[in-house]
1. When you check A:L42 against the structure, is it more than 12 Å from DNA strand C (Cβ to nearest atom) and within 11 Å of chain B (Cβ to nearest Cβ), yes or no?
2. In this structure, is A:L42 open to solvent by 30 Å² or more (accessible area, probe 1.4 Å) and among the hydrophobic types (A, V, I, L, M, F, W, C)?
3. If I ask for residues that are within 11 Å of DNA strand D (Cβ to nearest atom) and either open to solvent by less than 40 Å² (accessible area, probe 1.4 Å) or within 14 Å of chain B (Cβ to nearest Cβ) (or both), which ones from the stretch A:50-61 would you list?
4. Specify which of the listed residues (A:A47, A:A36, A:A96) is modelled with pLDDT under 95 and open to solvent by less than 20 Å² (accessible area, probe 1.4 Å).
5. Could you grab me the full set of residues in the stretch B:62-95 that are among the small types (G, A, S), closer than 17 Å to B:L41 by Cβ and within 16 Å of DNA strand D (Cβ to nearest atom)?
There are 2 protein chains.
Amino acid sequence: MTGAIHRSATKGIYDSLMSVKLDAIFSALADPTRRAILAMLLEDDMAVTDVAEPFEMSLAAISKHLAVLERAGLITQEKRGRLKWCKLEPHAMREASVWMQGFGQFEPLNLDDFERFLAAEMTTVLRDTAPIRED
Amino acid sequence: MTGAIHRSATKGIYDSLMSVKLDAIFSALADPTRRAILAMLLEDDMAVTDVAEPFEMSLAAISKHLAVLERAGLITQEKRGRLKWCKLEPHAMREASVWMQGFGQFEPLNLDDFERFLAAEMTTVLRDTAPIRED
DNA sequence: CGAATGGTCAACCAAAAGGTTGAATAACCT
DNA sequence: AGGTTATTCAACCTTTTGGTTGACCATTCG
């Protein structure tokens, strides 16, 4: 029982990388600010300052969040001129998605649900971190 | 741009709950020991001591990990006699899965990939936390 | 009953996470 | 060149996380 775990020395490094990657991806996704950022980037690439604008948090903090997302492979950042453009890398989520889906067949994505989800989380994060101006 | 974020006061509590749930799920998944535990439970329900057995870590530590997983809704624990049975709740991952899939259409689950993934991560976690006995 | 087993609790600790501020670097604009 | 804008760095602080140990409760067994 559960004892039948085999070991392959040659796969070691690769396996380790996968585990590390999952660590990075899931812990990146564990923060609501970072999830909100990803949702924003889903609409369009953005420069760091623009990413930061909706949050009531220092630019440095956002910069750190972006670094976390980049380390996880969830976004890339490319400097053009003095702006650094942040771009979503949706493919990176695939590893995590594959892992999760192994635990059950989840229904094939209801996009409406997802939209609601995003909008909801966004308002929550913003309400919690920034006073919402209705001007 | 990105400024069109609407607010619905009535949805507030519910939204907040969703965000909290995603926080809990993703941060629970961010730890390799906890992912390994989930993978073990995929095969069968297990009592706490049996869950702990493969890891070189105190029972108390595993107990805490299980509490984290339970708070995230990823497992349930039921005490029967003096054993506490841990049971996977794969459904809980659906929320997170829906969220993630919104970022891209991932290929419809290659089970072989998943098996490799699990086995790989398992060996890695065990190698890192416990000396592997080949007896 | 008393002893062993299964599991958690409480106190503690080190390291990591998430934030701040102020200074530094880099690129653009007169 | 000098000023402004975009972004990061460094030092610092507080809270959370992941682990330890030892005492404690609950349940079964002899």
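1. Values: more than 12 Å from DNA strand C (Cβ to nearest atom): yes; within 11 Å of chain B (Cβ to nearest Cβ): yes.
When the stated conditions are applied, A:L42 passes them.
2. On the way: open to solvent by 30 Å² or more (accessible area, probe 1.4 Å): yes; among the hydrophobic types (A, V, I, L, M, F, W, C): yes.
Considered against the rule, which asks whether it is open to solvent by 30 Å² or more (accessible area, probe 1.4 Å) and among the hydrophobic types (A, V, I, L, M, F, W, C), A:L42 comes out as yes.
3. So in the stretch A:50-61, the residues within 11 Å of DNA strand D (Cβ to nearest atom) come out as A:50-53, A:58-61.
Hits for the stretch A:50-61 are A:D50, A:V51, A:A52, A:E53, A:A61.
4. That would be A:A96, the only listed residue that is modelled with pLDDT under 95 and open to solvent by less than 20 Å² (accessible area, probe 1.4 Å).
5. Pass one, the stretch B:62-95, residues among the small types (G, A, S): B:63, B:67, B:72-73, B:81, B:92.
Narrowing further to those that are closer than 17 Å to B:L41 by Cβ: B:63, B:67, B:72-73, B:92.
Those that are among the small types (G, A, S), closer than 17 Å to B:L41 by Cβ and within 16 Å of DNA strand D (Cβ to nearest atom): B:S63, B:A67, B:A72, B:G73.
The values are calculated or read from the model by the stated rules, or taken from the named source; none is laboratory data. Predicted model only: the values in this text are computed from it and were never measured. Counting neighbours? That spans all protein chains shown, and the Cβs are built from the backbone with ideal geometry, glycine included. These accessible areas exclude ligands, DNA and RNA; they are computed on the full protein's heavy atoms, side chains included. Shrake-Rupley method; radii C 1.70, N 1.55, O 1.52, S 1.80 Å.
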